[in-house]
Amino acid sequence: MKLQGILNSHISKVLADLGHTDFIVVADAGLPIPKGVDKIDLALKLGVPSFKEVVSAIKEDMKIEKVIVASEMELKNQMTFQEMKDLFANTEIEQITHEKLKEITKSAKAVIRTGEATPYANCILQAGVIF
């Protein structure tokens with residue numbers, strides 16, 4: 001049994017398999033998951049687990065060089081946008097349209113679905129390199 005880090009075996013494997021510039025998506029309960037992309041469904045009920053909880057846990061276990069969020073998040077979900085800015089204060093945060101984010105999701109190594117039920121609570125986490 002692992003002593004630390006993410007216990008979910010599916011997430012743990014995806015993170016271990018990432019190479020430099022590969023990416024995963026952490027999604028709210030409503031983001032459409034493209035056909036052919038691995039879905040790790042953590043959603044238990046609306047709000048559980050939260051987007052922030054899942055992103056925070058992944059951040060502790062993944063070298064992240066870039067975060068991408070929908071530009072709509074800044075206007076429509078200011079609290080989550082501020083949480084992302086605080087959590088990734090030393091990491092590049094790129095904003096793109098929600099439609100572009102959904103398009104890019106088609107190339108993700110996995111989409112981790114949370115129970116989040118607030119608008120635009122989705123992000124792309126791009127892997128860095130640890131050396």
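A short reminder: the numbers here are calculations on the coordinates, not readings from a lab. From a predicted model like this one, the values you see are computed outputs, not experimental measurements. Glycine also receives a Cβ, built like all others from the backbone with ideal geometry; neighbour counts cover every protein chain displayed.
Mind listing just one residue for me: the one in the range 52-94 that is polar (S, T, N, Q) and under 17 Å from ASP28 (Cβ atoms) and, of those, surrounded by the fewest Cβ atoms within 10 Å (Cβ to Cβ)? Selected residue: GLN78. Only one of the numbered conditions (1) of a type in the set (Asp, Glu); (2) free of Cβ contacts under 8 Å to residues at least 40 places away in the same chain; (3) touching a Pro at 6+ places or on another chain (Cβ under 9 Å) is violated by GLU74, and that is (3). Taking the conditions (1) in contact with a strand residue (DSSP E or B) (Cβ under 7 Å, 6 or more places away or on another chain); (2) surrounded by fewer than 19 Cβ atoms within 10 Å (Cβ to Cβ) in turn, PRO34 satisfies each one other than (1).
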